[in-house]
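Have a look at the structure below before the remarks.
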Amino acid sequence: MAMSVGEGGGEAQPMMDINMTPLIDVLLVLLVMFIITIPVMTHAVKLDMPRASNAPSLAEPVIIQLEIDFDGTVLWNGNPVPDFDTLDAYFNREAQNEPQPELHIRPSKRADYDVVARVLASAQRNGMRKIGFVGNEQFM
């Protein structure tokens, strides 16, 4: 029972193509199943999330103005600091406060980098977290 591929007389040739009808039926059934199950999977789950109980403080933060002059003089809110040991004591005292005050550092344009780096290292070593530079427009 061999199939003849050649062109024969009036006999009907057997069909050599795949039958697509069962494949299309299976795909349509799968499509209908996906359409039915997707809305079930996207339902939201209700969760009772905790409410934020800590409102932001409306009080103005304490700001410490720290200026560094060209000759290495450090000014704490306008008052000269005699040495770095005193500056360490100031930083240590202020770091204990809650909320911690903001430290605004304003170095002079001609201040030595070494002095500014020592002040920043001292502030970090003593636990100051809110440190920022002000007056940066003079460096532009």
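The values are calculated or read from the model by the stated rules, or taken from the named source; none is laboratory data. Keep in mind the model is a prediction, meaning the values are calculated, not measured. Note that we place each Cβ from the backbone using ideal geometry, even for glycine, and neighbour counts take in every protein chain shown. Ligands, DNA and RNA are excluded from the accessible area calculation, which covers all protein heavy atoms including side chains. Shrake-Rupley method; radii C 1.70, N 1.55, O 1.52, S 1.80 Å.
Helix 113-125 axis versus longest C-alpha principal axis of the chain: approximately 70°, rounded to the nearest ten.
Here the range 31-90 is treated as a sphere whose radius is the Kirkwood value from Cα pairs; by Stokes-Einstein at 37 °C and 0.692 mPa s it diffuses with a coefficient of 182 µm²/s.
Taking every alpha-carbon pair under 8 Å whose residues sit at least 6 apart, the chain reaches a relative contact order of 20 percent. Computed from the C-beta positions of ASN92 and PHE70, the FRET efficiency with R₀ = 30 Å rounds to 0.65.
Modelled spin-label separation between ASP48 and PHE84, with each label point placed 7 Å from Cα along the Cα-to-Cβ direction: 5.7 nm. Averaging the sequence gap over all C-alpha pairs within less than 8 Å and six or more residues apart, then dividing by the number of residues, gives the range 19-87 a relative contact order of 13 percent.
Could you tell me how many degrees, from 0 to 90 and to the nearest 10, lie between the Cα long axis of helix 84-95 and the main elongation axis, the longest principal axis, of the Cα atoms of the chain? It works out to around 50 degrees. Note on Rg/Rh (Cα atoms, Kirkwood Rh): of the candidates [x] 1.73; [y] 1.40; [z] 1.43, the value calculated from this structure sits at [x]. With R₀ set to 30 Å, the beta-carbon distance separating ALA117 from SER57 gives a calculated FRET efficiency near 0.40. Relative to the longest principal axis of the chain, what angle (0 to 90°, nearest 10) does the C-alpha long axis of helix 21-41 take? For 21-41 against the chain, the angle is about 30 degrees. Take the chain with all the other protein chains still there, run a 1.4 Å probe, and you get 83 Å² of accessible area per residue. Shown for the chain: the carbon plus sulfur share of the solvent-accessible area, taken with all protein chains present and a 1.4 angstrom probe, equals 60%.
At an R0 of 22 angstrom, the distance between the Cβ atoms of LYS109 and ASN77 translates into a FRET efficiency of 0.55.
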